[in-house]
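Read the figures in this text as sums done on the coordinates, not as results from a lab. Small disclaimer: the values here were computed from a predicted structure and weren't measured. Neighbour counts are summed over all protein chains in view; Cβ atoms, including those assigned to glycine, are modelled from backbone coordinates with ideal geometry.
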Amino acid sequence: MTEKNADKQQTPWLDADEIKTKVSIKDVLEKYNLYPHMTQKGNRISGKSIVMPGVDLYFSADLEKNIWNDFAGKPDGIPGNVIGLVQVLEKCSFREALVILHREFIAKTLETSETSEVGGEERKSSDEEKNASTENEPFGRELKGRTNIPSLLEKGIKEEASKSFGVVYCTSGLMKGRVAFPIRNTTGEVVAYAGRAVKSADEKNNGKYKLPNGFVKGKEIFNIDRLVHEPATRKAVKDFGIIVTVGFTDVMKLVQEGFPNTISIMGHEMSEEQRKLLLSPSINPTRRLTLFFDNDELGNSSKRQIAASLIHEGFVRYANWLGYDGNTVSPAELDKDALTAILKFDSSDRRTAQTSEK
């Protein structure tokens, strides 16, 4: 069986629609050695249940439409496409299934087609070498949409903050039906938009976030441009260092409430490029970092790992969530008073990775 924990490695944005188009149900069944045990008549195949192994003639698939069903009881919320098929076979999440499908079918195909034998050595294609060595290209246009966004207003993020960051709710185009967060590089150019699903059905079927093809998230930091170019933000960094969060809305909420020195690494893992930026003397002369991650198991585990990787080069502290119950998970959910209490800096702060946990 394929590893279900592939998602732990940093992966690019995965396009669910592309995967559903490029990977067939037959491909998946052959990968898991199920196809030889099934019966095919025209474009339809049938066989033993994959939900209840051993039950005959309960699995059915239409190869032309690339859909399937299992009449022994397909789990609720599992789509009848190749992604749902891998979810059932691997007993994994939608995102993990996307990672598996991309790695096993799309990435391997690209590797095969883009490499060649030269002098007995396998070499990468020029396109692959270019992608490995260059920065993300500018996005090239500005997305338009509404700035009075209910999902942000519910978290106390005002419309003025959305306008300031250029965040919009898109009603058409690539990010239709999603909240689009512009990601800028250190020079202030928009290199991508991250589209956050608003409806649970969209998130389940197409993933929580959507980013442009080819964009490498680990090369960027959300809100890094302000740390470089805005005098007031640069002063806050000089006085207090940088506050590191995992989400876009975390940054928006903290900046709105008076913490302009806040950035997001856009996930629970920190790349080498992000680490270098956050410890760069020109961006963070004090090398002070406050890790303000989600108040859950993943957030707490992630901040410990990242702190361990930074502590020999920077001065790292944890934002202290003590006193907050488990219902409050994201920094974006907190009001100004709570944020101020949690992020209070004083002379007693130790410039090390704190060990106090909730």
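Quick notes on this structure:
- As a proxy for reagent exposure, ILE311, ILE265 were ordered by neighbouring Cβ count within 10 angstrom, fewest first; the result is ILE311, ILE265.
- Vicinal HN-Hα couplings computed from phi for segment 135-141 (Karplus, 6.51 cos²θ - 1.76 cosθ + 1.60; Hz; Gly/Pro x): 8, 5, 6, x, 5, x, 7
- This ranking places HIS102, HIS312 by how few other beta-carbon atoms lie within 10 Å of each, fewest first, which gives HIS312, HIS102.
- Each of ILE19, ILE100 was scored by other Cβ atoms within 10 Å of its Cβ. Listed from fewest to most, they are ILE19, ILE100.
- Computed from the Cβ-Cβ distance with R0 of 35 Å, the FRET efficiency linking ASP17 to THR328 stands at 0.50.
- Share antiparallel - DSSP beta bridges, segment 166-314, percent rounded to 5: 65
- The C-alpha radius of gyration of segment 162-261, expressed as a fraction of 2.2 N^0.38 Å, stands at 1.14.
- Eligible lysines near LYS238 by straight Cα distance, threshold 28 Å, same-chain separation 8 or greater: LYS158, LYS163, LYS217, LYS219, LYS253, LYS276, LYS303, LYS336, LYS344
- Across segment 259-275, coupling constants 3J(HN,Hα) worked out from phi with the 6.51/-1.76/1.60 Karplus curve, θ = phi - 60°, read 10, x, 7, 10, 10, 10, 8, 6, x, 9, 10, 10, 7, 5, 4, 5, 4 Hz, and Gly and Pro carry x.
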